[in-house]
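The values are calculated or read from the model by the stated rules, or taken from the named source; none is laboratory data. All values derive from a computational prediction rather than experimental measurement. So basically every Cβ, Gly included, is an ideal-geometry build from the backbone, and we count neighbours across all protein chains shown.
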């Protein structure tokens, strides 16, 4: 911090070199524009590669709050010079896709230079970033980046205008005008006098700048091998792009051996080697995109043969024939409790003779009510139902709602079984032929965990029922997508198509259109939301302010309203503002308050959110405290503890100790989209940034509310009003309903969730055939780019197995004189039409006890 000019110079050098490497990467992989070309059939939109990207860079040494923070603002021109001499708009899709990889290149370059020239060591790389060992004390970091400053930086990053409205958003936090008058020397003196200044000075004094030649070591031990790269990227995604591989490569490069100016070249070479390695398969061949010139570099997807084999193994186990123990014909629904289609669906699940069943359950489709009936039927047949879920909160609901006899998280179920064979795991878990395992929220379960459940069930002779929605969130940082593939491969997979949750019939339809993802359906959904005043668009400040205003009115009317935001910083700002509104109403005690882990405080009457499962914290009715649960603070103890009652159960109270409050709690008026999955409230108000929007991130939070769901789409403004970076302009269309509608249509057609290579191949092949039909109908089958590839040849046998499986199911169904027999080439999807009485009961949240009577035919 100024004590050693040589050290400061090296840090500056590292930053400048890293920015240069990151921009080189972006220029190569994100430099695209779009233009129209004339063809005999008319004009066609194509994507064209730019020769480079132009922009302007501003250098800074401090944060807005005056903390030490070397950084650059790089403003890319919206209009770029093309190869033909014309100026066109920079393609934002490509830029967004490659931005994270460019950031990883930046971080890797910084680590490389500081390691070589200062000898510093770095801790583990997490999400591309690593802390310097010796400067990684959380208290030290916090002292130079307090929560107030973090929110200030969040505000700056998102282009918030300085105006009175922000006071309602950030409570006591006010946006600082950047200090450009105080000399750097004076700031350095202030930093040195800070609480941890001596610790930093001592660390810097111990650094010894090195000669580059002395620092260089053999690169063999510092560069990742293709097998390691592929294992890392496949651990996070079933299918991946070149940019995904680049991110992993930059994370894996150990500092100390690469010339910094060669970082981008090194990353590129390692990426190429990984993609060319044996066992790497292209799911969407390069030639398959030639007919569609709107396709960008990031549209080509890859996988590994290990992932392909894993999915096929899962399908083979799930579709194995087993003794079901319950005949479908013996089950009759009690009139009035379930719709006929729901009863049909559950009859198919309980009566299936496959090892696994799949119930695709869109948001609000009444899966809990349906599964209660299956649970009762299994119990009557002497079966024991075990519930598994990816989260403790979801697992608890399964027992609480009478879906299972016992439940736990998947992680807890398989703890201590890593070294056991499936047969021994089954014995340890107590699974046998009389066990039925119901896996809820199965779309969020990773493929390896799904395989583990299937392997154990196979060894035990148990049955498995996967329940979830492939169109909602995937597993976090773990390859997934197997639920969707199983629903396609199992002949008797069922889908509950009717939505119950929303009281407005039009909104129920709109949610289904949004979930479908096809352009026509998404457009219909967006039109409905616009016509019914559910869509808003504008700057971040305006959208957060409007969402808060709506939340204020909702809660004043006695409604349960939930704010949803894309990032934790936005959630924190919304929580602070919502708390202020409640304090002004006198609904919370402003006197005695305790700090939470989000940097805010809570008093009696506040709503808080617990962020970690803790088996040691047990409620008055015996439940364990779970991540994602919301609580109302009833009292504050002298020892700094809090006594709270759960929002969804007044009888469940718990005392949260000081340590838990400090580490694992936040205010609970707002939540991220992932945290909101599974919640049901009266009204949901969703603030989403354009860059974060895709189908699942809109569909999930926009189906939380019974009475209404509102979307506030926030666009960051170009430039920075307080530093003069760029020219900030207001565009009226950004505030229009029509503009919001168009943004929603674009987001609803964008899918970022993980898919298995089998599913992605089928979709890509279908898209290619449609494009071929439109553009080049005269092409022959020998021109098919999918023919002859590793993935293409594999899919021939995979598809043949599916055809045989469906033909066998069709033949057996006909032999059994089934009333409804699905065609061999399609799954069996049940369309659910609920009665008015059923809708009213669900809307009123009256627990329904659903009984299915078991006849004499049960075994």
Item to check | Residues located in the stretch 536-550, provided they are buried (at least 22 other Cβ atoms within 10 Å of the Cβ) and closer than 14 Å to residue 709 by Cβ | outcome: 536, 547
Checklist entry - Is it the case that the stretch 637-652 has a residue that's within 22 Å of residue 562 (Cβ to Cβ) and part of a loop (DSSP other than H, G, I, E, B)? => result yes
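Scan the stretch 578-586 and tell me whether some residue there is at positive phi and more than 25 Å from the chain's Cα centre (by Cα).
Step one: of the stretch 578-586, the residues at positive phi are 586.
Okay, now just the ones that are also more than 25 Å from the chain's Cα centre (by Cα), so 586.
Yes, there is a match, as at least one residue in the stretch 578-586 is at positive phi and more than 25 Å from the chain's Cα centre (by Cα).
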Checklist outcome for this item: Here the residues within the stretch 237-253 that are touching a strand residue (DSSP E or B) at 6+ places or on another chain (Cβ under 9 Å) and not in a helix (DSSP H, G or I) are 237, 238, 239, 240, 241
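Can you find a residue that is buried (at least 21 other Cβ atoms within 10 Å of the Cβ), in a loop (DSSP other than H, G, I, E, B) and outside the structural domain of residue 96 (by TED's automatic domain parsing) anywhere in the stretch 686-697?
Within the stretch 686-697, the first condition is being buried (at least 21 other Cβ atoms within 10 Å of the Cβ), and the residues that meet it are 686-688, 693, 695-697.
Pick out the ones that are also in a loop (DSSP other than H, G, I, E, B) and you get 693.
From the residues that got through so far, the ones that are outside the structural domain of residue 96 (by TED's automatic domain parsing) too are 693.
There is at least one residue in the stretch 686-697 that is buried (at least 21 other Cβ atoms within 10 Å of the Cβ), in a loop (DSSP other than H, G, I, E, B) and outside the structural domain of residue 96 (by TED's automatic domain parsing).
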Item to check | Options 105, 110: the member that is buried (at least 18 other Cβ atoms within 10 Å of the Cβ) and under 14 Å from residue 26 (Cα atoms) | outcome: 105
Checklist entry - In the stretch 536-575, which residue that is at pLDDT 90 or above and part of a loop (DSSP other than H, G, I, E, B) is nearest to residue 690 (Cα to Cα)? => result 560
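With the condition kept exactly as written, say whether any residue in the stretch 81-99 is assigned to a strand (DSSP E or B) and more than 23 Å from residue 298 (Cα to Cα).
From the stretch 81-99, those assigned to a strand (DSSP E or B) are 81, 87-90; that's our starting set.
Next, from what is left, pick out any that are more than 23 Å from residue 298 (Cα to Cα): 87.
Looking for residues that are assigned to a strand (DSSP E or B) and more than 23 Å from residue 298 (Cα to Cα), one finds at least one in the stretch 81-99, hence yes.
Go through the stretch 504-535 and give me each residue that's in a loop (DSSP other than H, G, I, E, B) and either surrounded by 21 or more Cβ atoms within 10 Å (Cβ to Cβ) or at pLDDT 90 or above (or both). Don't jump to the end; show me each part of the working.
So in the stretch 504-535, the residues in a loop (DSSP other than H, G, I, E, B) come out as 504, 517-518, 532-534.
Scanning the stretch 504-535 gives 532, 533, 534.
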Checklist entry - Out of (1) touching a residue at least 40 places away in the same chain (Cβ under 8 Å); (2) outside any helix (DSSP H, G or I); (3) touching a helix residue (DSSP H, G or I) at 6+ places or on another chain (Cβ under 9 Å), what's the single condition that is false for residue 587? => result (1)
Checklist entry - For the stretch 129-146, how many residues meet the condition of being out of contact with any strand residue (DSSP E or B) (no Cβ under 9 Å at 6 or more places or on another chain), surrounded by 16 or more Cβ atoms within 10 Å (Cβ to Cβ) and at pLDDT below 70? => result 0
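Only one residue in 115, 72 is closer than 21 Å to residue 267 by Cα and either modelled with pLDDT of 80 or more or out of contact with any strand residue (DSSP E or B) (no Cβ under 7 Å at 6 or more places or on another chain) (or both). Which one?
Residue meeting the stated conditions: 115.
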Next on the checklist: Checking the conditions here, which among 676, 635, 620, 597 is crowded, with 21+ Cβ neighbours inside 10 Å and either in contact (Cβ under 8 Å) with a residue 24 or more places away in the chain or touching a strand residue (DSSP E or B) at 6+ places or on another chain (Cβ under 8 Å) (or both)?
Outcome noted: 676
Checklist entry - Can you name the number of the only condition in (1) assigned to a loop (DSSP other than H, G, I, E, B); (2) at pLDDT 70 or above that residue 315 fails? => result (1)
